Amino acid sequence: MSENFHKIDKDGTENSVETSEEMIRKRIRRNTPSPHRLTPQSSPPRFVSVEELMETAKGVTNMALAHEILMNSAFQVKPYEPEEGSLEKRVKEIMHKAFWDCLESQLNEDPPSYSHAITLVGEIKETLLSFLLPGQSRLRGQIKEALDLSLIQQEAENGALDISKLAQFIIDMMGTFCAPCRDEDIKHLREITDIVPLFKSIFAVLDKMKIDMANFAVSSLRPHLLQQSVEYEQKKFQEFLQKQPNALDFTKKWLQDTSDYVTGGATCTPNSAQLPLTIHNHAYLRLLKWDHDTEAFPETLLMDQGRFLEMQQELEQLALVASVLLIVYNSAGEAISGLPGLMERLKKTIKILLAEMHTRSFKADEAFAAVAEKLCVELRGCLSQHGFSPFPSDRENTLKGQIVAVKSADNPIRKVIDSRIQTYLLGFLESSALRCAPALPGGLTPIGKELEEIAVKLERLVTFNKLVYSLFYHKILQDILNQGKSLDV
């Protein structure tokens, strides 16, 4: 799957489709630490040839592609389209128009000229053959016989070519190969009578079918890739490490800093058998609090940095939701306790108003003021509906103030909720081997479902990462702990 998929342009050339590999290259470039960031001490630079660097880059890209297919269940190959209004798009449109105008002009000659049309048929033939599996010899024979270019050329020269009949055969074959989602496209092709628009539409549908086939191949590959990917990623990373000896510097710093945090700066004792595992699990939790703007991400997790950032942002929003709901329910007490549907309505309102909290345009003061106002309106209606007196204005203002205060990272309630989330996630990692989820700490019930989904996602990432890089981690942690012992002596 590391090869580019191509879209055949109507001018007889091939135009690259943006494949998953190119998307991975972009992700790697985005996630690679900037030069201005503080870097730990590294090994002396080793000069390598351009060929070595290119080969290494290719290996890392292929590894990243395989990893992305495996870890991202929604992974799909998407066609490349130039940006609207770009020079590339304008040139492409001009070339396409010129080609189709030329084809139309040839077909309108007396007698018609079919040189361009036969070229198109040849490209279509190769595309249809590419859809076949090795064992589909009967269909292969039908396509080769019906789209025999030498025979078609002879028919054209003798004025006996029926281009509409060829087009119908092509459409029938496309209907045989296409996914059910393309049935409407095939139906539309059968309704087109003009040759030039028909060929235009045939190529458009074939482009879609290529992407469908590529994504089917990806989904079919995923179960087999799981069996091979651990060994494959180990091998590729080892090759990369041999050419770049300092390629674990950020990983070492990540584990060293976590060790210092877990041990409180103290040295370990010889009987600390669980200490390496504890440090390692805490290290993964630290990635959910990472400052992505100033700290370089560990090299061994670079391909998953986007996933860790996504989980981090989800957890931050969930912590705010749980904090606000805890304040509201503690304030209202029994008056709203157990009312069906109320908590979900309140939660939905909070999530909607905080949906943009990680964008540059987000204004925390306005958003939390809106949250406070909306929830108080909801509470007023709920209390009135169930025969309770509304909150006095001073009590309502106090509640609004408590809700707005949650926007601060130092808010005591928010810190308690955040700490309980971390405890739950750590328990999930520690109990993953036993296949039993830890109990949900108090105050997290409203976000329990979402929290478990994130925990499962985290555990999957961590488990796979440990399988691939366990040898590297073991050596680094042993060096860290042994250094602590020697300092203690």
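The values are calculated or read from the model by the stated rules, or taken from the named source; none is laboratory data. These figures come from a predicted structure and were not determined experimentally. Counting neighbours? That spans all protein chains shown, and the Cβs are built from the backbone with ideal geometry, glycine included.
Given the residues 103, 147, which is the only one that is within 26 Å of residue 79 (Cα to Cα), in contact (Cβ under 8 Å) with a residue 12 or more places away in the chain, among the hydrophobic types (A, V, I, L, M, F, W, C) and touching a helix residue (DSSP H, G or I) at 6+ places or on another chain (Cβ under 7 Å)? Don't jump to the end; show me each part of the working.
Details: 147 fails: within 26 Å of residue 79 (Cα to Cα).
Exactly one residue qualifies, and that residue is 103.
Residue 241 meets all of the listed conditions (1) closer than 21 Å to residue 473 by Cβ; (2) outside the structural domain of residue 69 (by TED's automatic domain parsing); (3) at pLDDT below 90 but one, namely (2).
In this structure, is residue 309 buried (at least 17 other Cβ atoms within 10 Å of the Cβ) and farther than 30 Å from residue 235 by Cα?
Values: buried (at least 17 other Cβ atoms within 10 Å of the Cβ): yes; farther than 30 Å from residue 235 by Cα: no.
No: the conditions fail for residue 309.
When 374, 363, 407, 415 are screened for being buried (at least 18 other Cβ atoms within 10 Å of the Cβ) and of a type in the set (D, E, K, R), only 407 passes. Out of 399, 458, one residue alone is under 30 Å from residue 229 (Cα atoms) and assigned to a helix (DSSP H, G or I). It is 458.
In the range 465-476, the residues that are in the same structural domain as residue 273 (by TED's automatic domain parsing) and touching a residue at least 24 places away in the same chain (Cβ under 8 Å) form Cβ pairs under 6 Å with partners that are crowded, with 20+ Cβ neighbours inside 10 Å and assigned to a helix (DSSP H, G or I), at six or more places apart or across chains, as follows: 468/233; 469/300; 476/252; 476/255.
Quick one: would you say residue 111 is within 22 Å of residue 205 (Cα to Cα) and either within 41 Å of the chain's Cα centre (by Cα) or outside any helix (DSSP H, G or I) (or both)? So residue 111 does not fit the description; no. Residue 250 meets all of the listed conditions (1) crowded, with 18+ Cβ neighbours inside 10 Å; (2) in contact with a Cys (Cβ under 9 Å, 6 or more places away or on another chain) but one, namely (2). Every condition in (1) assigned to a loop (DSSP other than H, G, I, E, B); (2) surrounded by fewer than 17 Cβ atoms within 10 Å (Cβ to Cβ) is met by residue 471 except one, and the failing one is (1).
Residues are listed down the side, and each one gets a yes or a no for (1) over 20 Å from residue 310 (Cα atoms); (2) hydroxyl-bearing (Ser, Thr, Tyr):
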{"residue": "409", "(1), (2)": "no, no"}
{"residue": "417", "(1), (2)": "no, no"}
{"residue": "421", "(1), (2)": "no, no"}
{"residue": "438", "(1), (2)": "yes, no"}
{"residue": "446", "(1), (2)": "yes, no"}
{"residue": "452", "(1), (2)": "no, no"}
{"residue": "456", "(1), (2)": "no, no"}
{"residue": "469", "(1), (2)": "yes, yes"}
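Among the conditions (1) touching a residue at least 40 places away in the same chain (Cβ under 8 Å); (2) touching a Leu at 6+ places or on another chain (Cβ under 9 Å), residue 292 misses just one, which is (1). Remark: residue 92 matches the filter, which requires a residue to be part of a helix (DSSP H, G or I), in the same structural domain as residue 218 (by TED's automatic domain parsing) and either under 30 Å from residue 252 (Cβ atoms) or at pLDDT below 85 (or both).
Listed here are the residues, each with its yes/no results for (1) outside any helix (DSSP H, G or I); (2) of a type in the set (S, T, N, Q); (3) within 24 Å of residue 423 (Cα to Cα).
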site	(1), (2), (3)
288	no, no, yes
309	no, no, yes
334	no, no, no
339	yes, no, no
347	no, no, yes
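Return the residues of the range 418-437 that are surrounded by fewer than 18 Cβ atoms within 10 Å (Cβ to Cβ) and in contact with an Asp or Glu (Cβ under 8 Å, 6 or more places away or on another chain); say none if nothing qualifies. Of everything in the range 418-437, just one residue is surrounded by fewer than 18 Cβ atoms within 10 Å (Cβ to Cβ) and in contact with an Asp or Glu (Cβ under 8 Å, 6 or more places away or on another chain), namely 437. Tallying residues that are loosely packed, with under 15 Cβ neighbours inside 10 Å, under 23 Å from residue 196 (Cα atoms) and aliphatic (A, V, I, L, M) within the range 130-158 yields 2.
Of everything listed in (1) crowded, with 21+ Cβ neighbours inside 10 Å; (2) farther than 25 Å from residue 72 by Cβ, the single unmet condition for residue 304 is (2). Within the range 344-370, residues that are among the small types (Gly, Ala, Ser) reach partners that are surrounded by 12 or more Cβ atoms within 10 Å (Cβ to Cβ) and part of a helix (DSSP H, G or I) with beta carbons closer than 7 Å, at six or more positions or on different chains, in the pairs 367/353; 369/404; 370/353.
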